[in-house]
1. Which aspartates and glutamates does Lys47 reach when only Cα atoms under 20 Å apart count, and residues fewer than 8 places away in its own chain are ignored?
2. For the stretch 1-42, which chymotrypsin sites (Phe, Trp or Tyr not before Pro) are in a loop by DSSP, counting at most 14 other Cβ atoms within 10 Å?
3. Once you have the Cα-Cα distance between Arg10 and Lys61, take 0.36 nm times their residue separation minus that, and quote the gain in nm to one decimal.
Amino acid sequence: MQMLEQSLRRLQTDHLDLWQVHGVVFQNDPDLFIRPGGAAEALLKAKQQGKVRFVGFTGHKDPDVHLAMLDTGFPFDSVQMPLNAFDATYCRASSRRSCPFSITVGSAPLGMKPISGHGDPVQMGVLTAREALRYGHEPSRSLHHLRAEELHIIEQNLEIAQILNR
């Protein structure tokens, strides 16, 4: 709750639209999250107080950990996970496992890393940005967290999003 209060002050606002537990990657993270006095209580309290509208978590590596978090029974509004074209070749792929399950328990899947981190595959010509974003968009009709440090990349992402949503 202290971290939330600091963020609200720094952002000069009285609430956040989405507050996520970041980087859930260890096998014991779900137990630590749901324990008495843990982060689950803080997320619920913040939501009840109107300081956050939605709550979720981000998982960067292991879909088994995502599934264990969802299996705690906590009412997550969202689950942010890697969703990219190379995910399909990974035997524990988020697109095949945690993404569909998040939908069945009522949590919105939020994709990240659609062009595989820094975009090396796009820069090397393995696939286009449009192909990369299309792949990540299709498994669940999920939203994507896109990092863009230059205006032309933001414009490209918007153009692709408009095409995908037709």
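No value in this document is a laboratory result; all are computed from the given coordinates. The model shown is predicted, which means the values in this text are computed figures rather than measured ones. Positions of Cβ are generated from backbone atoms using ideal geometry, with glycine treated the same way; all protein chains shown enter the neighbour counts.
1. The qualifying aspartates and glutamates are Glu5, Asp14, Asp17, Asp77.
2. For chymotrypsin sites (Phe, Trp or Tyr not before Pro) across the stretch 1-42 that sit outside H, G, I, E and B with at most 14 neighbouring Cβ atoms in 10 Å, the list reads Phe26.
3. Result: 15.4 nm gained on full extension.
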